[in-house]
Ligand code: 13P
């Protein structure tokens, strides 16, 4: 596979900065002890904002190969936006990635496709790689099928940018997040394939082939192999199971389950 698999842990609003040290350290040690090859499989964690400086300091001191990202950023660069966090600040903290448009942000913070698009532009301005999250609710699945909403969201997020640098797409069916319900590997792969097609139409085949497309929603070490067996699925975005170092490192070692 020419695309390096990407295993991402979205910690959501869990763990204060002291707890974050314990988890990040344990994950680093666990993957080191099993000789994880980060060039063959990238691993990234997305702690809450208040943990980022602490985790970054630890990662720096211990020479982590685990990459770091934030869970959100402002579409603005600075100014009177109380509570928001600029991409410039995240870059200064050596963040490589930023999640954008997670369904929990779309749902609880009313983030529209336009806001998501503007946040993607902000990520590009600050040389952060956006992990653009898309996915349909159960109602949308029933009325429009699995691919319609994610495709609409991908097209909206990528529309009309001055420059488009590297980005990642995470397909996370809303009904599969934190519910224990999962999209079947075949269904997930089919939506990922359609997303790649749409990227090809928008940005050309080369970009489509280079872009990593992930599945997310109740991924665990016991079911990850099913998704990553498909050449269409380039990694996973993990919520709950990323809070346990042993379980998350098991997910990062998915190649052992599929015998690659
Ligand atoms: P769960 O893995 O807990 O279902 O969460 C998925 C998710 O939302 C990751 O961003």
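Per residue of the chain, what 222 nm ellipticity follows from adding -39500 (n - 2.57) for every DSSP H run with n ≥ 4, rounded to the nearest 500?
Details: 12 runs with 116 residues, N = 260.
It comes out at -13000 deg cm²/dmol, rounded to the nearest 500.
Given a 10 angstrom Cα cut-off, can you work out which residue in 217, 35, 200 is the most mobile in a GNM of the chain?
Largest GNM mean-square fluctuation: 35.
Over the chain, what is the relative contact order in whole percent, taking alpha-carbon pairs under 8 Å and six or more residues apart? Provide the component values of the computation, followed by the final result.
On the way: 480 pairs, mean separation 53.5, N = 260.
In percent, rounded to a whole number, it is 21.
Report the full-extension gain for the segment residue 17 to residue 186: residue separation times 0.36 nm, less the Cα-Cα distance, to one decimal in nm.
Numbers: separation 169, 0.36 × 169 = 60.84 nm, distance 3.83 nm.
Separation in residues times 0.36 nm, less the Cα-Cα distance, equals 57.0 nm.
I need the peptides 93-100, 183-190 ranked by packing, meaning the mean over residues of other C-beta atoms within 10 angstrom, with the highest value on top. Provide the component values of the computation, followed by the final result.
Numbers: 93-100: 21.2, 183-190: 17.8.
Highest to lowest by the protection proxy: 93-100, 183-190.
For the chain, set up a Gaussian network in which alpha carbons nearer than 10 Å are linked by springs, and say which option among 102, 161, 28 fluctuates the most.
Sorting by GNM fluctuation, first place goes to 161.
Neighbour counts of other C-beta atoms within 10 Å: give me 139, 232 arranged from fewest to most.
Values: 139 10, 232 17.
Final ranking by Cβ density, sparse to dense: 139, 232.
If one computes the Cα centroid of region 91-105 and of region 215-237, what distance in Å separates the two points?
Cα centroid to Cα centroid, the span is 21 Å.
Is the shape of region 114-260 best called rounded, prolate or oblate, per the rule: a/c under 1.5 gives rounded, else a/b larger than b/c gives prolate, else oblate, with a ≥ b ≥ c the square roots of the Cα gyration tensor eigenvalues?
Numbers: a/c = 1.64, a/b = 1.40, b/c = 1.17.
It is prolate, given that a/c is not under 1.5 and a/b is the larger ratio.
By how many nm would the segment from residue 162 to residue 255 lengthen if fully extended, with 0.36 nm per residue of separation less the alpha-carbon distance? Please list the in-between numbers first.
Details: separation 93, 0.36 × 93 = 33.48 nm, distance 3.76 nm.
Here the segment from residue 162 to residue 255 would lengthen by 29.7 nm.
Please compute P(r) over all alpha-carbon pairs of region 179-260, binned at 5 Å starting from zero, and give each bin as a whole-number percent.
Computed distribution, short to long bins: 3, 16, 25, 21, 17, 11, 6, 1, 0.
What number in nm² do you get for the chain if you take the convex hull of its Cα atoms and divide its surface by four? Each step should come with its number before you reach the end.
On the way: hull surface 51.8 nm².
The number I arrive at for the chain is 12.9 nm².
Using a Förster radius of 22 Å, what is the FRET efficiency between residue 93 and residue 4 based on their Cβ-Cβ separation? Nearest 0.05, please.
The calculated FRET efficiency here is 0.40.
How long are the semi-axes of the ellipsoid equivalent to region 1-114, from square roots of 5 times the Cα gyration tensor eigenvalues, in whole Å, largest first?
Working: eigenvalues 135, 56, 35 Å².
So the three semi-axes of region 1-114 are 26, 17, 13 Å.
Counting other beta carbons within 10 Å of each Cβ, put 195, 129 in order, fewest first.
Working: 195 25, 129 18.
Starting with the residue having the fewest Cβ neighbours, the order is 129, 195.
Say we join alpha carbon atoms closer than 10 Å with springs in a Gaussian network model of the chain; which of 191, 34, 120 then has the biggest fluctuation?
With Cα springs under 10 Å in the chain, the top fluctuation among 191, 34, 120 is at 34.
Read the figures in this text as sums done on the coordinates, not as results from a lab. Just so we're clear, the structure is a prediction, and the values are computed from it rather than from any experiment. Ideal geometry is used to build each Cβ from the backbone, glycine not excepted, and the neighbour counts take in all protein chains shown.
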